[in-house]
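The structure appears below as structure tokens.
The values are calculated or read from the model by the stated rules, or taken from the named source; none is laboratory data. These numbers were taken from a predicted model, which means no experiment stands behind them. Cβ atoms come from the backbone with ideal geometry, glycine included; neighbour counts cover every protein chain shown. Side chains included, ligands, DNA and RNA excluded: accessible areas come from the protein's heavy atoms. Shrake-Rupley method; radii C 1.70, N 1.55, O 1.52, S 1.80 Å.
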Amino acid sequence: MALELRPNCECCDKDLPPDSLAMICSFECTYCADCADKTLAGICPNCGGELVRRPIRPAAKLANNPASIKRIFKAEGCQPSRAA
Ligand SMILES: [Zn+2]
Ligand SMILES: [Zn+2]
């Protein structure tokens, strides 16, 4: 299974094309760099996991492994995770 390249930020619904800078957790929850850094402080609000830079899929590979077109937007879940 290829990584699911989601098309938008779950926090602010900003478009995140496959060649853009995006941040993901191990479950592929996807955020823009701004939200990941400023709002979420590098922690996924859904699973509490670490957000890391999403690798860019080479354009040649997108033909056979296209990015996801399913938008996921959960602004209500987009609070900074509380420190344990
Ligand atoms: Zn965002
Ligand atoms: Zn997550």
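Here is how the numbers come out for the structure above:
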| item | result |
| --- | --- |
| Every pair of residues 6+ apart whose Cβ atoms lie under 7 Å, when the first sits in the range 3-30 and is farther than 15 Å from Lys70 by Cα and touching a residue at least 40 places away in the same chain (Cβ under 8 Å) while the second is more than 12 Å from ligand 1 (Cβ to nearest atom) and not aromatic (Phe, Trp, Tyr) | Asp19/Ile56 |
| Residue within the range 11-26 that is outside any loop (DSSP other than H, G, I, E, B), charged (D, E, K, R) and more than 16 Å from Ala75 (Cα to Cα) present | no |
| Considering residues of the range 26-67 that are within 15 Å of ligand 2 (Cβ to nearest atom) and among the small types (Gly, Ala, Ser) only, the residue surrounded by the most Cβ atoms within 10 Å (Cβ to Cβ) | Ala36 |
| Selection status of Pro17, open to solvent by 30 Å² or more (accessible area, probe 1.4 Å) and within 11 Å of ligand 2 (Cβ to nearest atom) | no |
| Number of the exception - Met23 against (1) among the aliphatic types (A, V, I, L, M); (2) out of contact with any strand residue (DSSP E or B) (no Cβ under 7 Å at 6 or more places or on another chain); (3) open to solvent by 30 Å² or more (accessible area, probe 1.4 Å) | (2) |
